[in-house]
Amino acid sequence: MDLAPSPATAPYQGAPPSLGPVKVEVASLSKAYDDLQRGEVLAVDRLSFQAHAGEVFGLLGPNGAGKTTALRILTTLLKPTSGVALVNGFDCVRQEELVRNQIGFISANTAVYDRMTAWEFVEYFGRLHGLAAGPLRERMEWLFAKLRMDDLRDTLGAKMSTGMKQKTSIARALVHDPPVIVFDEATNGLDAFAARASLDAVAELRDEGKCVVFSTHIMSEVQRICDRIAVMHRGRIIDSGPTDDLRQRHGEQNLEELFFRLIRDADELADRRKGDEGMEGDKGMVDRRDEGDSG
């Protein structure tokens, strides 16, 4: 697949050769919405990136940058207006069911069922993924031990704290052992201990060779676990690369300061372009009026 960036986006910085095979591949992906006041709005604008096995790929950006829209396309919850998104080689539009078996999705808004225990909830989703009873039980025993959830087995969703619900959601997303896991702002609203447990789970998944796509706007999380990052703003990637390389390239060791600088510079560039377009439009109007008057 040709992943050459469009002229409207910053060059995507490719992965170092030490990374594993590509598991997520996005090329010129766009998603447009119709807005009654603003007309057509591009939430995602010709987005291109790759994520690999054995890495945590951080998709960063302020609220409204288009991160969640892009990830909802990857998880088949939305269809793109144009472009291609592949998960482990399967097309997110033409092979939805196959993609869903290749991916686990966790977000801050992932719900559990009030009338199901943690065990029943995870088991239910394992069956939806077609796991047979024996292998499913073995997988769940391993997951509940790995995530330190044995004390939650018989806890109803209605009785769970936010941290308990998040643990249960992580188990649900991993029950079918997918090669790709997406965390979309998954630590929002968690207390420090629950957030730490979620980040530990992300790091362990990477060490097991999983491809983790991690969306956040919290720079301390990025600093801790992301191997490579792409910064999104107004639906586009404005810069990307290994975390240390980005800091060196921009001469900024503080990742939070670098993030703010990239967003600010992108806004200033967009404002200048709008000004230039406005001047060109005014000039064209004057030229046409002069031509009419001279005739």
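Taken together, the values in this text are just the output of simple stated rules run on the coordinates, not laboratory data. The structure displayed is predicted, hence computed values, not measured ones. No Cβ is skipped: glycine too gets one built from the backbone with ideal geometry, and neighbour counts run over all protein chains shown.
What nm distance separates the two modelled labels at R137 and I218, each placed 7 Å from Cα along Cα→Cβ?
A separation of 3.7 nm, rounded to one decimal place.
Under a Cβ-Cβ cut-off of 14 Å, what is the net charge of the residues other than R247 that fall near it, where Lys and Arg count +1 and Asp and Glu count -1?
My count for the surroundings of R247 gives -4.
Please build a GNM for the chain, connecting alpha carbons under 10 Å apart, and tell me which residue among T187, T81, T68 fluctuates the most.
Highest fluctuation of the listed residues: T81.
For D151 and E252, compute 0.36 nm times the residue count separating them, minus their Cα-Cα distance, and round to one decimal in nm.
Net length gain for the segment: 31.9 nm.
Nearest 0.05, what FRET efficiency do A111 and E204 give at R0 = 22 Å with Cβ-Cβ as r?
Result of the calculation: an efficiency of 0.35.
In the set (i) 20.8, 75; (ii) 22.0, 87; (iii) 24.0, 77, which value of Rg and Dmax of the Cα atoms in Å was calculated from the structure you see?
(ii)
Can you find, among L19, T187, A197, the residue sitting farthest towards the positive end of the charge dipole of the chain, where Lys and Arg contribute +1 and Asp and Glu -1 at Cβ?
A197
Of N254, L47, S82, which is farthest on the positive side of the dipole of region 22-270, counting Cα position, with +1 on Lys and Arg Cβ, -1 on Asp and Glu Cβ, and the Cα centre as origin?
S82
How many lysine pairs does region 22-270 hold where the Cα atoms are under 14 Å apart and the two sit 8 or more places apart or on different chains?
For region 22-270, the number of qualifying lysine pairs is 5.
Taking Rh as the Kirkwood radius, which is the inverse of the mean 1/r over Cα pairs, what is the Rg/Rh value for region 40-160?
Checking Rg against Rh, the ratio lands at 1.02.
Can you give me the distance in nm between label points at L128 and R196, each placed 7 Å from the Cα along the Cα-to-Cβ direction?
Computed distance between label sites L128 and R196 equals 3.2 nm.
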